[in-house]
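Structure first, then comments.
The values are calculated or read from the model by the stated rules, or taken from the named source; none is laboratory data. Please read these numbers as outputs of a predicted model, since none were measured by experiment. No Cβ is skipped: glycine too gets one built from the backbone with ideal geometry, and neighbour counts run over all protein chains shown. The protein model used for the area step is the full one, side chains on, heavy atoms only, and it has no ligands, DNA or RNA in it. Shrake-Rupley method; radii C 1.70, N 1.55, O 1.52, S 1.80 Å.
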Amino acid sequence: MANEIEIYIRAGYPAIILKTAEEDRALRLCQETAKLLDKKFAFWRLTTGVQEKLKNYEDMSRGDLNAEIKEMTTQKRDITTEASAVLEEGIKIGSGQGMVYAVLDIHPFIKSPNVWRKAKDLFKIAKVTGITYVFISTEFEVPAELKREVIIASLPLPTRADLSKTFIKMASALRVNPPENTEPYVEAALGLTINEAENAFATSYAKYGRFDVMQINRVKEQTICSGGLLECKSSNETLESIGGLHNFTDWASKRFLAFSPEAKAYGIPAPKGTLLIGVPGSGKSLSAKALANLWQKPLLKLDIGKLFGSLVGETEGNTRKALTMAEAMAPCILWIDEIEKGLAGLQSSGKTDSGVTSRAFGTILTWLQEKEAPVFVIATANNVSQLPPEFLRKGRFDEIFFVDIPSEAERQEIFAIQLKKYKRNPNDFDVGTLANNSENFTGAEIEQAIINALYNTWGSDHKVLTTEAILEAIRDISPMAASGSMSEQINATRRWAEEAHIKKANKTERRDNVAGEARRRIIPVSEEEKGEA
């Protein structure tokens, strides 16, 4: 299959801007394409001038490298006066056979009038003589006068085959035998450049004396998330950390199987993601962390507020960049927390911010619908009424779940989980009584009750956490779901979920009354009463 550069050269473009940080890969691609098309190849860089042969640094001796370094340090060129001559050199040496002329380091000076004017004149000649300029740079701001003369291309990230060769080469350099199955290490490095992958493999081996998938993922996270648009999260949470929500966790466990090569060969597409809607503190965010740990995939958090910038086009550019970064990390989990807050003001976007929010949202919507990279999106929302209808349309997510307030049985489970988390044996407590007396409590409020009880008992004389101490802490907390406005919102969301046939994340049906004040039965339970129960 033809690469992008080959297609543009065959099409007769006189100039291509190749945006990439991998200069060596880009130069070799240009050289290989020139050979394929029976054209000459030459490249120019500031330190060495025009060269017509790439050096293979892997095969160079120490003496060769020293000579190369000496040559680079002794070159003294004034690029501001030579830029036009650099461009002219392509016409001089490329006439007759045609040529692919790769040019590095000229991007800071292309906006100078004498340089872009010369380029525009030379491109006319290049077009009829079979010469193609390829400007290689990470950033290249095209002058307005040249925008209709050039085409912008990008160097795709290394393929699995490229990274597999890199992994084998790194193992050889370290004088170790590569594992029989290299696929997990190669997959962990997907989204990195060749140099970055080499660094990740080497760091893994230097730290553990072996190649380690999680360490490679960590290096990848640090590399890709350094821009600040995405936050790399780590967590020790597991599915056992989630109380209730068994319908959701059962569904997620099955979706995990779709990441396997066997599932792909079977024809199953990579799962798109899920939207969790429910009251704050009900375990939505915890679920994202637990899935990342279960699936052993990087967890990226996207804060939509960080995408917004003050310059024209900055927000839209940041949105595209963040989504591209997520795809570079694939396979991964992208967590968008409280997404309705990030989209606040969407309805009035055309009047208040010249449509910036609307365009950013449109970019996210299109990406959710059309993305092919295995990026599993977990979006959470507290208030469904603040979500635009098009966001809820089928196809954006694999499934939408309504996360209700935990039932009494689920609260028992949550109390047991939280007691274990804080180094207590649940069997030493009457979790049934605790659950019975914590109606309308969310998981977060149950955890806070235990934390408050720990503080209270630590300040007492006996310093022993008891059921009665936790009951006392429960009494001091007014559950958010029992307040009038929140109760109405929860009931409205519950009705919406039923009418729209939205799946319930909770498996156990609730029997508590959310509309009224929380029922409390905070009384000590005697041993006799426990036996009678």
> Looking at region 405-431, which of the residues that are open to solvent by less than 20 Å² (accessible area, probe 1.4 Å) and part of a loop (DSSP other than H, G, I, E, B) is nearest to Gln489 (Cα to Cα)?
Replying inline: Ile405
>> Checking the condition open to solvent by 60 Å² or more (accessible area, probe 1.4 Å) and without any contact (Cβ under 8 Å) to a residue 12 or more places away in the chain, which residue from Pro269, Pro261 passes?
In response: Pro269
> For region 81-95, how many residues are surrounded by fewer than 22 Cβ atoms within 10 Å (Cβ to Cβ) and touching a residue at least 24 places away in the same chain (Cβ under 8 Å)?
Replying inline: 6
>> When you scan region 190-202, do you find a residue that is of a type outside the set (Lys, Arg) and touching a Gly at 6+ places or on another chain (Cβ under 7 Å), even just one?
In response: no
> In region 197-224, how many are open to solvent by 10 Å² or more (accessible area, probe 1.4 Å) and at pLDDT 90 or above?
Replying inline: 12
>> So the check is Cβ under 7 Å with 6+ separation or different chains; which pairs have a first residue in region 123-137 that's within 10 Å of Ser95 (Cα to Cα) and a second one that's open to solvent by less than 10 Å² (accessible area, probe 1.4 Å) and hydroxyl-bearing (Ser, Thr, Tyr)?
In response: Ala126/Thr132; Ala126/Tyr133; Ile131/Tyr101
>> Against the conditions (1) in contact with a Phe, Trp or Tyr (Cβ under 6 Å, 6 or more places away or on another chain); (2) not in a helix (DSSP H, G or I), where does Leu434 fall short? Just the number, please.
In response: (2)
> Which number in (1) assigned to a helix (DSSP H, G or I); (2) within 30 Å of Thr493 (Cα to Cα); (3) in contact with a helix residue (DSSP H, G or I) (Cβ under 8 Å, 6 or more places away or on another chain) marks the one condition that Ala328 misses?
Replying inline: (2)
>> Residues to consider are Glu231, Glu221, Glu262; find the one that is over 16 Å from Ala330 (Cα atoms) and of a type in the set (Asp, Glu).
In response: Glu262
> When you go through Thr352, Thr380, Thr357 one by one, which is the residue that is buried (at least 16 other Cβ atoms within 10 Å of the Cβ), at pLDDT below 85, on the phi < 0 side of the Ramachandran plot and among the polar types (S, T, N, Q)?
Replying inline: Thr357
> Can you name every residue in region 257-279 that is at pLDDT 85 or above, in a loop (DSSP other than H, G, I, E, B) and either in contact with a Ser or Thr (Cβ under 8 Å, 6 or more places away or on another chain) or under 19 Å from Leu392 (Cβ atoms) (or both)?
Replying inline: Pro271, Lys272
> Out of the residues in region 124-141 that are within 41 Å of the chain's Cα centre (by Cα) and among the β-branched types (Val, Ile, Thr), which is most open to solvent (accessible area, probe 1.4 Å)?
Replying inline: Thr138
> Which of the residues spanning region 1-39 are part of a strand (DSSP E or B) and either at pLDDT 95 or above or open to solvent by less than 60 Å² (accessible area, probe 1.4 Å) (or both)?
Replying inline: Ala15, Ile16, Ile17, Leu18
>> Looking at the structure I just gave you, is Glu472 assigned to a helix (DSSP H, G or I) and under 23 Å from Leu276 (Cβ atoms)?
In response: no
> Which one of the conditions (1) assigned to a loop (DSSP other than H, G, I, E, B); (2) more than 24 Å from Leu29 (Cα to Cα); (3) open to solvent by 60 Å² or more (accessible area, probe 1.4 Å); (4) aliphatic (A, V, I, L, M) does Leu157 fail to meet, given that it meets all the rest?
Replying inline: (2)
> Counting just the residues of region 172-189 that are touching a residue at least 12 places away in the same chain (Cβ under 8 Å), outside any loop (DSSP other than H, G, I, E, B) and among the hydrophobic types (A, V, I, L, M, F, W, C), which one comes out nearest to Cys332 (Cα to Cα)?
Replying inline: Ala188
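Table: residues versus (1) under 22 Å from Leu300 (Cβ atoms); (2) touching a Cys at 6+ places or on another chain (Cβ under 7 Å).
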position: Thr166; (1), (2): no, no
position: Ser172; (1), (2): no, no
position: Val176; (1), (2): no, no
position: Pro179; (1), (2): no, no
position: Glu187; (1), (2): yes, no
position: Thr193; (1), (2): yes, no
position: Ile216; (1), (2): yes, no
position: Glu231; (1), (2): yes, yes
> Of all residues in region 280-316, how many are open to solvent by less than 10 Å² (accessible area, probe 1.4 Å) and assigned to a loop (DSSP other than H, G, I, E, B)?
Replying inline: 1
> Between residues in region 193-210 that are closer than 17 Å to Thr20 by Cα and residues that are among the acidic types (Asp, Glu), which pairs lie under 6 Å by C-beta distance while being six or more apart or on different chains?
Replying inline: Thr193/Glu22
> When residues of region 213-222 are filtered for being under 12 Å from the mean Cα position of the chain (by Cα) and more than 18 Å from Thr166 (Cα to Cα), how many remain?
Replying inline: 2
> Of all residues in region 190-229, how many are assigned to a helix (DSSP H, G or I) and out of contact with any Pro (no Cβ under 8 Å at 6 or more places or on another chain)?
Replying inline: 24
> For region 232-255, what are the residues that are part of a helix (DSSP H, G or I), touching a Leu at 6+ places or on another chain (Cβ under 9 Å) and surrounded by fewer than 17 Cβ atoms within 10 Å (Cβ to Cβ)?
Replying inline: Ser253
